[in-house]
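Visitor: The structure that follows is given in the form of C-alpha cells.
Every number here is computed from the coordinates shown, using simple stated rules; none is lab data. As the structure is a prediction and not an experimental result, all values here were calculated from the model. A quick note on method: Cβ atoms are made from the backbone with ideal geometry, for glycine too, and the neighbour counts reach across all protein chains shown.
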Amino acid sequence: MTNDELATTIIASVGGCGNIEFVTHCATRLRFNLHDHSLIHSSEFEAMDEILSIVEGMGQYQLVIGANVNELFEIISDRLDQHASNEKPSPKKLHIKHLSAQLVELLAPLLPFLIAAGFLRFILVVMILYTPVQPQDGTYQILSAAANAPFYFLPLLIAFRTAKWLSASALIALVIAASLLHLDSNTRWPVDTLLRFGHVNIPYFHYGSAVIPIIVLTWGMARLQHYLDHHLSPVTRIVITPALCLLILVPLAFLVMGPLGYSLQNILAYHEHQLYFIQPMVAGFLLASLWPIIGLLGLQWGILILLIPHLEFSVLAPILACSALGQSGAAAAVWLKTRHQVDAYQSFFAALLSLLGISEPAIYGVTLRSNRSFMWGCLSAGCAGALIAGQTSYGYSMILPNLLTLLYTATISYAQTTAIIAAIMISFLGAFIGSYFTMKSPLSASQNEPIEPAPSVKQNLVARSQLLPSPLSGTIVTQEQINDMTFALQMLGKGLAIEPSDNIVTSPISGTVHQLFSGHNAISLQSEDGIEMLIHIGLHTAHFGHPYFTAFVQTGDKVAVGQPLIHFDRNALLQAGIDLTTPILITNAEQFQDVTHTQSSEIVNSQPLIVITNDLLDSQWPASSSSG
C-alpha cells in the first residue's frame with residue numbers, strides 16, 4: 001500500500017477529516033486528537049501490516065507507523081489543510097486534558113534542530129580531547145556558537161511556535177521572550193537576585209533554555225491580544241495592541257508568569273532529584289528499565305521536552321541512555337538470528353536508530369514481537385542504570401539520551417570512565433546475549449531455525465523449489481534499490497522490482513485475486529499452493545486510477561498463469577514524472593525456507609523470475625512445482 005493509499009485509509013478509519021481536531025507526530029507514530037472517539041474503526045488498523053501498534057492515552061489516538069511517519073504525516077496534513085481551506089480557522093486553546101499531547105505538537109518540530117546542536121556539542125568535545133583546537137580558538141568559538149545558540153535562544157523558538165499555534169502575533173511573542181533574554185545577556189546577576197520594579201521586588205532567573213515559562217507567557221499574550229483585537233477598531237489595533245501587550249506583559253513576565261513557569265519547571269527537576277537521592281541505585285534501575293514502557297504509553301517525548309534544561313547536564317541523561325542501548329542490543333540479537341530472513345533489515349536499522357536515542361522502531365518493530373527480547377532490553381538497561389546512579393555519573397544528554405551521552409560522560413572524569421564502560425557492556429551486551437539465547441523465535445515460530453524432523457521421516461525430506469514466471473517485461477531492480485522504504489526494507493514482503501518496458505501485467509500464479517486495489521494500480525494474489533503475492537505498478541500511483549490503469553479482473557476472480565490482469569498507460573505515467581518501478585513481493589515469504597530471484601538484469605514476460613524454496617516431505621509439496 002502506498003503512502004497516499006495509507007493516508008486515505010487512516011483518515012477514513014479515524015472518522016474522516018472533520019473528526020480530526022489536530023494531528024502531530026514524533027519519531028515513529030502519528031498522534032491524533034479527535035472530536036469523537038466512537039467514530040474510530042480500530043479493526044481496520046489491526047488488519048493493516050503498515051500499522052505496527054495502536055496506543056490510546058492522554059486523550060490521543062496514536063498509530064505506530066515506523067520509518068515513513070514523516071512522509072505520511074505530510075500527506076495527512078495536506079489533506080486536512082485542503083479540507084479546512086473553506087472553513088474559518090479558530091484559535092487553538094491549551095487544555096489540561098491534552099496538555100502533554102499539545103506540548104509535543106508545539107515543540108516536536110524543534111527537536112531535529114536541538115538534536116543536531118547536541119551532536120555539534122559532542123564534536124566540540126572530541127575536538128578538544130583529540131585535536132590541537134583549544135576553546136579560545138576561532139574555530140571552536142564559531143562551532144560553539146552554532147551548537148549553543150539553539151539552546152540559549154530556545155525561548156524565542158518556543159514563543160514563535162506557541163504564538164503561531166494559538167493564532168496570535170508571533171512578532172509580539174518574540175519581542176516579549178527576547179526581553180527575558182536581553183536582561184540576562186546585559187547583566188549577569190546571580191540567580192534569585194531581587195530586582196526593584198517600582199516598589200515591588202522581582203526575583204531574577206536565567207531564562208536561557210526555558211520551556212514552561214515561555215509557553216505560559218505566550219499563552220497570556222495570546223489571550224490579551226485576542227481580547228484587544230475584539231474590542232479595538234482595525235485602525236487603532238495596529239499600534240495599540242502591540243503597545244499594550246509589551247507594556248503589560250513584559251513587566252508581568254518578570255513579576256508573575258516567568259517565575260511561575262520557572263517554578264513549575266523546577267518542581268519536575270526537584271522530584272527527579274528526590275527520587276534519585278532517596279535510593280540512587282533503585283531509582284536508576286526503575287528509570288532505565290521503565291523508560292521503554294513510558295514510551296509505549298506515548299509519554300516520553302512530552303517528558304523530555306519539559307526536562308530539556310535539566311537534561312542538559314544531569315544524572316538522568318546517562319541513565320536514560322542505558323534504556324536506548326538495552327533495546328538496541330535486543331534488536332541486534334534479533335537481527336543476528338534472522339539476518340537471512342525477511343525482517344533482517346528492519347531489525348538492523350532499528351538497532352542503529354536506538355543507539356542514537358530513537359528506540360521506538362526497535363520496540364514496536366522488533367523487540368515487542370518477541371516478548372523475551374523486550375524484557376531483556378528493559379532488565380539489562382535497569383542494571384546499567386543502577387550502576388550509573390550508584391556512581392553518581394553526570395553527563396550531557398545531547399537532547400536524546402543515547403550512546404553519545406554515555407561516551408561523553410566517560411570523558412568528564414577518569415573516575416566515571418570505568419562505570420560508563422561497564423554500563424555500556426551491561427545494557428547492550430546484556431540485552432544482546434540474553435535475547436539471543438533465550439528467545440524461542442526471533443519474531444515468529446516460522447522464522448526460527450527449522451524443527452528437526454523425526455528419524456523415521458528425515459530420509460524423505462527433500463529441498464523443493466517452485467519457479468514463478470515474470471508478470472512483466474523490463475529491467476530487474478533489487479529490492480534494496482527500490483526508492484520506497486516500505487518496499488526496500490521488506491516491510492511488505494520479500495522479492496524484487498521491475499522497471500517495465502511493456503504495459504501489461506499478467507498472472508504469475510494459478511489461484512485467486514485476493515484484492516484489487518481501488519486505483520487498479522496494485523493487485524494481491526493467492527496461489528493454490530498458498531503463495532501470497534503483491535504486484536504494485538509504480539510508486540505513488542494510487543491517485544491516478546482510470547484511464548491510466550484498466551483492470552481485467554476483480555477481487556475474488558480465479559486466474560491462471562499468463563492471464564492478463566491489468567493494463568497501464570506506461571507513456572502517460574512516465575510523462576507525468578511517475579517512477580514506474582514495480583515491486584513484486586511474496587508477502588508470506590517467512591513461511592518458506594528462501595525466496596530468491598533470477599540474477600539476469602533484463603526479463604521477458606513469462607520467463608522464470610522468482611524461486612521459492614522449502615524443505616518439505618516429498619508428499620507435501622504440490623505436484624505441479626518444479627524440482628530444485
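Visitor: I need the phi-derived Karplus couplings for segment 238-251: 6.51 cos²θ - 1.76 cosθ + 1.60, θ = phi - 60°, integer Hz, Gly and Pro marked x.
Guide: Karplus values, whole Hz, x for Gly and Pro: 4, 9, 5, 4, x, 5, 5, 4, 5, 5, 8, 7, 5, x.
Visitor: Could you compute the net charge surrounding Ala576? Neighbours are other residues with a C-beta less than 15 Å from the C-beta of Ala576; K and R count +1, D and E count -1.
Guide: -2
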